[in-house]
1. Considering the stretch 317-333 alone, what residues qualify as being hydroxyl-bearing (Ser, Thr, Tyr) and more than 15 Å from VAL8 (Cβ to Cβ)?
2. For the stretch 272-315, name all the residues that are among the aromatic types (Phe, Trp, Tyr), part of a helix (DSSP H, G or I) and touching a Ser or Thr at 6+ places or on another chain (Cβ under 9 Å).
3. Taking the residues in the stretch 96-109 that are more than 16 Å from ligand 1 (Cβ to nearest atom) and closer than 19 Å to GLU302 by Cα as candidates, determine which candidate is surrounded by the most Cβ atoms within 10 Å (Cβ to Cβ).
4. Mind listing just one residue for me: the one in the stretch 325-343 that is in a loop (DSSP other than H, G, I, E, B) and of a type in the set (A, V, I, L, M) and, of those, surrounded by the fewest Cβ atoms within 10 Å (Cβ to Cβ)?
5. For the stretch 73-125, enumerate the residues that are in contact with a helix residue (DSSP H, G or I) (Cβ under 6 Å, 6 or more places away or on another chain), in a loop (DSSP other than H, G, I, E, B) and touching a residue at least 60 places away in the same chain (Cβ under 8 Å).
6. Select, from GLY55, GLY78, the only residue that is within 16 Å of ligand 2 (Cβ to nearest atom), more than 23 Å from TYR146 (Cα to Cα) and of a type in the set (Gly, Ala, Ser).
7. What single numbered condition from (1) farther than 21 Å from GLY65 by Cβ; (2) touching a residue at least 12 places away in the same chain (Cβ under 8 Å) fails to hold for THR320?
8. Restricting the search to the stretch 189-205, which residues are surrounded by fewer than 24 Cβ atoms within 10 Å (Cβ to Cβ) and either under 19 Å from the mean Cα position of the chain (by Cα) or closer than 14 Å to GLU161 by Cα (or both)?
Amino acid sequence: MATMNGAVLPGDSTVRHVKVDVPEPGHGQVLLQMKASSICGSDIRAIYREHLGAGPEAYQGVIAGHEPCGKVVAVGPGCRRLSAGDRVVVYHIAGCGVCEECRHGYMIGCTSPSRAAYGRQRDGGHAEYLLAEEATCILLPEPLTYVDGALVSCGFGTAYEGLLRLQMSGQDRLLITGLGPVGLAAAMLGRALGAGPIIATDIAPERRKMAKDLDLVDHALPADNSAAAAVTELTGGRGCEASIDCSGNGAARAFALENTRTWGRCAFVGEGGQITFPVSELLIHKQVTLHGSWVTSLRHMEELLEHLVRWNLHPERIVTHRYPLPQAGEAYRVADGGAAGKVCIVFD
Ligand SMILES: [Zn+2]
Ligand SMILES: [Zn+2]
């Protein structure tokens, strides 16, 4: 049997390389030759540094990587749509397919014991081949690249869903807290949906510079004591009609709420932690709608890919580092540094 190289994350800020059998697609499954597999911040936080998460969230020692994009090279029996040669993005959770959330396309919200996330409970994209459920694959339209597709499979999908929840439009100024890859994605897509000006905050000067250099935001503010006055100044004292927290940081979330305009909307997509804030002052009396938004749906991911083509946008613009699989260790070190744009493992 043929073997392949893959990478696993032991949970001590290292990457371990393994050699495993190339899988054979079973019923309803396809085998993908991997082309791009980007690194998600959630894997840095919950798997690379240490193994957090329990039960359905636990990392089970599988091949890592939940942002896979590749080419179909074999199809199992019962496949109804895909064939060899198709380029596909993988929606990174394989749900049961029949529960309420799965039927809505939100396999992320599936609670069946059979639910498995790629790179967490079943093998992910950091290997030469990936065994995927046909139902989790979405065709990658030309002229999007495999790296574009990998970025859509989690980060850009998550940002897009958050903006949909906010009903983002040209009537809105947009405040983004956190300019990591998801924040950069929110900026790129927010602009495409018509929002502006786009104001963002981050603690890292490298990330602020990158957002400005790529012209993704109009104003990149240091996330410090000067930020509130700057937003007040930039918005005539009103705040932004829409805001989205992509940092997961408590202070940044509070900042997003504080600087949301009366009757505005705010979305939290950055994961983890806790927050305390004066509810009457920031939410009730300001008539603010606060959304939680987790990843996206199959349908919205497919729709996003179509929009990216129409908007002539390439998510890979935010990729600052590319490494071949044998250098996955370095890739994770850079991603963990918190100063890079998106880091992506690429094949051939
Ligand atoms: Zn992710
Ligand atoms: Zn389900």
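1. Matches in the stretch 317-333: THR320, TYR323.
2. none
3. For the stretch 96-109, the residue satisfying everything is CYS102.
4. ALA339
5. Those that are in contact with a helix residue (DSSP H, G or I) (Cβ under 6 Å, 6 or more places away or on another chain), in a loop (DSSP other than H, G, I, E, B) and touching a residue at least 60 places away in the same chain (Cβ under 8 Å): TYR91, HIS92, GLY105.
6. The conditions single out GLY55.
7. Of (1) farther than 21 Å from GLY65 by Cβ; (2) touching a residue at least 12 places away in the same chain (Cβ under 8 Å), only one is false for THR320: (1).
8. If the condition is that a residue be surrounded by fewer than 24 Cβ atoms within 10 Å (Cβ to Cβ) and either under 19 Å from the mean Cα position of the chain (by Cα) or closer than 14 Å to GLU161 by Cα (or both), then ARG191, ALA192, LEU193 are the ones that fit.
The values are calculated or read from the model by the stated rules, or taken from the named source; none is laboratory data. Predicted model only: the values in this text are computed from it and were never measured. Glycine also receives a Cβ, built like all others from the backbone with ideal geometry; neighbour counts cover every protein chain displayed.
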